[in-house]
Amino acid sequence: VWRLINVLKNAYVIAFFKSSIFIDKKHFFTYLNFMAKITYNTRIEEELIKKFKILAIEQGKRQNQLLEEAILDLIKKYKKQSEKK
């Protein structure tokens with residue numbers, strides 16, 4: 001059963017990124033919660049991190065959720081830009 005779920009998740013991600021229609025973030029984040037997570041490290045300015053942590057508290061969300069949302073927004077933004085070319 002888990003194997004089938006992973007296959008379906010992978011197919012969905014491929015379809016999501018090939019599609020020009022993006023589903024709303026709430027449903028996609030629900031889907032992301034079932035995806036395998038990996039560790040990704042980077043260096044970010046200290047003041048930016050402080051503001052980011054405050055934002056997470058104000059929004060009542062985990063920092064990871066906000067990062068995933070921001071990355072999806074960037075992907076969507078650049079996908080639209082590349083389609084216009």
1/(1 + (r/R0)^6) with r = Cβ-Cβ of Phe52 and Lys77, R0 = 22 Å, i.e. FRET efficiency to nearest 0.05, evaluates to 0.70
Counting only DSSP loop positions in the stretch 39-85, the chymotrypsin sites (Phe, Trp or Tyr not before Pro) whose Cβ has at most 12 other Cβ atoms within 10 Å are Tyr40
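Probe radius 1.4 Å, ligands and nucleic acids left out: which of Glu58, Glu47 has the largest accessible area, and how do the rest follow? Write out the running numbers ahead of the final one.
On the way: Glu58 130, Glu47 105 Å².
Accessible-area ranking of Glu58, Glu47, largest first: Glu58, Glu47.
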Reported to the nearest 10 Å², Leu74 has, with a 1.4 Å probe, an accessible area equal to 90 Å²
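The values are calculated or read from the model by the stated rules, or taken from the named source; none is laboratory data. As the structure is a computational prediction, the values presented were derived from the model and not from experiment. Glycine also receives a Cβ, built like all others from the backbone with ideal geometry; neighbour counts cover every protein chain displayed. Remember, those area values only see protein heavy atoms, side chains included, never the ligands or the DNA or RNA. Shrake-Rupley method; radii C 1.70, N 1.55, O 1.52, S 1.80 Å.
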